[in-house]
Amino acid sequence: MNVVTRIAPSPTGDPHVGTAYVGLFNYAFAKRHGGRFVFRLEDTDRERYDAASELRILEMFEWLGIAPDEGPGVGGPNGPYRQSERLDLYREHADRLLASGGAYRAFESEEELAAMRADQQRRGQPLGYDGRGRDVPVPEQERRAAAGEPHVIRLRTPDDGDTAFVDLLRGQIAIPNAEIKDPVLVKSDGYPTYHFANVVDDRAMEVTHVMRAEEWVTSTPIHVLLYRALEWELPVFIHLPLLRNPDANKTKISKRKLDTSVDSYRRQGILPEALLNFLATMGWSMPDGREIFTLDEMVAVFDPERISLGGPVFDLRKLRHVNARYLREILPLEEIADRAEPALKEAGYDGDDEDYLLDVVDVLRPRAETVNDIAEQSGYFWTDDFAISDEARKRIAAGQQALEDLERAFSMLDFFDEDAVDDLLDDYVRSREIKKPQVLMPMRAALTGTTQAPSVTDLVVILGRERVLRRIGRALSEMTAALPDDRPTSEENRPEENRPEENVDAAATSGAESDAKRSGSGRSGPGRSGPDS
RNA sequence: GGCCCCUUCGACUAGCGGUUAGGUCACCACCCUUUCAAGGUGGCGGCACGAGUUCGAAUCUCGUAGGGGUCACCA
């Protein structure tokens, strides 16, 4: 069988994760069987129509890598793919139903229907169209229609018995016909309703498998009745579980309770591969239990039978976890750097040094869950003039001696590679008989302005001699600059009490050199001189 | 409320008559360690309930409860 699936979104706003979800499964099933994945725009509600939405939804599918084979802007043999451009087709089939008696024109006004419902409510009767227009003689229907009287076209549905269909996952589902109330097929504005356009188009577009959200289960009998009235064969129905909010009741996913916009996740730095992977595990699982897998791997084995029916909660934590996995172990470094570049440029990257960029991304990615996290943590890599936190300030103050010593030592180091830097640090620690953290924390603070950052060795290697020296210099000079608040004296008056006695010499000899640098890069301006400024 | 669907750790799930009920996220502990991450090891935690079928039920049947969806000239 030549499989054809489809995604049929309405252009009413932000590209929705639910659309991506259903789209993914339709895509996977079609591709698994070498079939086609069709995109059809269900734009028959001109009240909610949003012109920008169509393109954004299409772009979403492209971004995700599950672009449709047919659709508006894509083309295909069964277009056009916007329902608003297929009105003639619906008209034609509506006429057929009118002629066969399967449908009829109904002339009740909105007000009359509202009154009917109010009445039903008052009596405690089930709500819904009571079929009052069914028996208006056809000639009269036609005369009134010809006279321009507003009306809808309704499907004539049976009152007794059940209408059943088979859902691939749930088996046979039978709904009492009493629940089905002559649904409107064509609205008074001439546009078809969802039910009608959907059936006509699925047929015209040769759709073999209707895979859609569970919310459509109860209206499937309407479609079945329509297929029968039109004398068409039924497609296979597969109803996917509804994505749920993480609230206590697990209600149907909604914008109010959760971010449902794919664009928004994209802006947050969620990768398309990760979103797809995450969505794939909502109700579906790999036969071998793998939880991290590519789209192609999914397609290769996709079997709707493995879809579980409980509505899965859309868990942001897990999405972010999956994204983190892609960031640090699935996608190659160059790829991540590529995608992070725009955000990094906003964070201060000047776009010049590709190797430096790669180093930065490499060291930051294990610490990030999203692309944006990388950018947010990268600030100190792009400028020497970063903010210094209070905590970092304390560490710098406590380690001034070490910083002064290291400034000198690093200025004499030839190669800034990992081994050399490690050796230098080790040697220093050994020679001074101090603990490593006593040296590393001040260094980290001086190099980044924070106390939570990559290893000092990595930082030194990546930053290189110039930056390292400038930063140590700046840190030291800020310490002295901060002093006047308490001790309005000269720069020479650094706190001796923090200094081990035996190191006075070393500090003194490095003094001249350090001071020179300090005057260059220190004192970066107001707001950086202390916690109280 | 009527109708329909669903029900395994807090979350995502594996399981399709016989398992010490497995994995992932989260959480906790420990290890590693140079802070933060990452990584490693371990732990906590579940078959909604009640009948029935069966030598044997998470798995099959029925009922109950709970949750969800749907009852438009929206999709």
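Read the figures in this text as sums done on the coordinates, not as results from a lab. Keep in mind the model is a prediction, meaning the values are calculated, not measured. For neighbour counting, all protein chains shown are included, and Cβ atoms are generated from backbone atoms with ideal geometry for every residue, glycine included.
Around A:GLU47, under 14 Å between beta carbons, what's the net of Lys plus Arg minus Asp minus Glu among the other residues? Net local charge, A:GLU47 excluded: -3.
Taking only the C-alpha atoms of region A:18-149, the Rg (one decimal) and the largest Cα-Cα distance, Dmax (whole number), read 20.7, 55 Å. Counted residue by residue at 0.36 nm each, then reduced by the alpha carbon distance between them, the extension gain from A:GLU110 to A:LYS436 reaches 109.3 nm.
Applying a DSSP loop filter and a limit of 16 other Cβ atoms within 10 Å to the trypsin sites (Lys or Arg not before Pro) in region A:256-314 leaves A:ARG256, A:LYS257, A:ARG290. Label-to-label distance for A:SER411 and A:THR12 is 6.9 nm, based on points extended 7 Å past Cα in the beta-carbon direction. Straight-distance candidates among the lysines for linking to A:LYS257, with alpha-carbon spacing under 23 Å and chain neighbours fewer than 8 residues away dropped: A:LYS318. Diffusion coefficient of chain A by Stokes-Einstein, Kirkwood radius over Cα pairs, 37 °C, 0.692 mPa s: 115 µm²/s.
Compared with the dominant Cα axis of chain A, that is its longest principal axis, helix A:194-204 is turned about 90°. Sequence-distant contacts, meaning Cα pairs under 8 Å at least 6 residues apart, place the relative contact order of chain A at 11 percent.
Between the beta carbons of A:GLU231 and A:ARG156, assuming R0 = 25 Å, the FRET efficiency works out to 0.95 to the nearest 0.05. Every Cα-Cα pair in region A:93-227 was counted, and those over 23 Å apart are 39% of them. In this simple spin-label model, placing a label point 7 Å from the Cα along the Cα-to-Cβ direction at both A:ALA174 and A:ASN78 gives a separation of 3.1 nm. Cα centroids of region A:135-167 and region A:236-258: 34 Å apart. Which lysines have a Cα less than 30 Å from the Cα of A:LYS394, not counting those fewer than 8 places away in the same chain? Excluding near neighbours in sequence, the set is A:LYS435, A:LYS436, A:LYS517.
This ranking places A:VAL200, A:VAL3 by how few other beta-carbon atoms lie within 10 Å of each, fewest first, which gives A:VAL3, A:VAL200. FRET efficiency for the pair A:ALA146 and A:ARG56, taken as 1/(1 + (r/R0)^6) with r the Cβ-Cβ distance and R0 = 35 Å, rounds to 0.25.
Fully extending the segment from A:THR294 to A:ASP352, taken as 0.36 nm per residue of separation minus the present Cα-Cα distance, adds 17.6 nm.
Under 15 Å from the Cβ of A:GLU335, count the other residues' Cβ atoms, weight Lys and Arg +1, Asp and Glu -1, and hand me the total. Spelling it out: positives minus negatives among the neighbours equals -3. Working from Cα pairs under 8 Å separated by at least six residues, relative contact order for region A:268-325 is 50 percent. Apply the a/c threshold of 1.5 to the C-alpha gyration tensor of region A:253-340 and tell me whether it is rounded, prolate or oblate. It is oblate, given that a/c is not under 1.5 and a/b is not larger than b/c.
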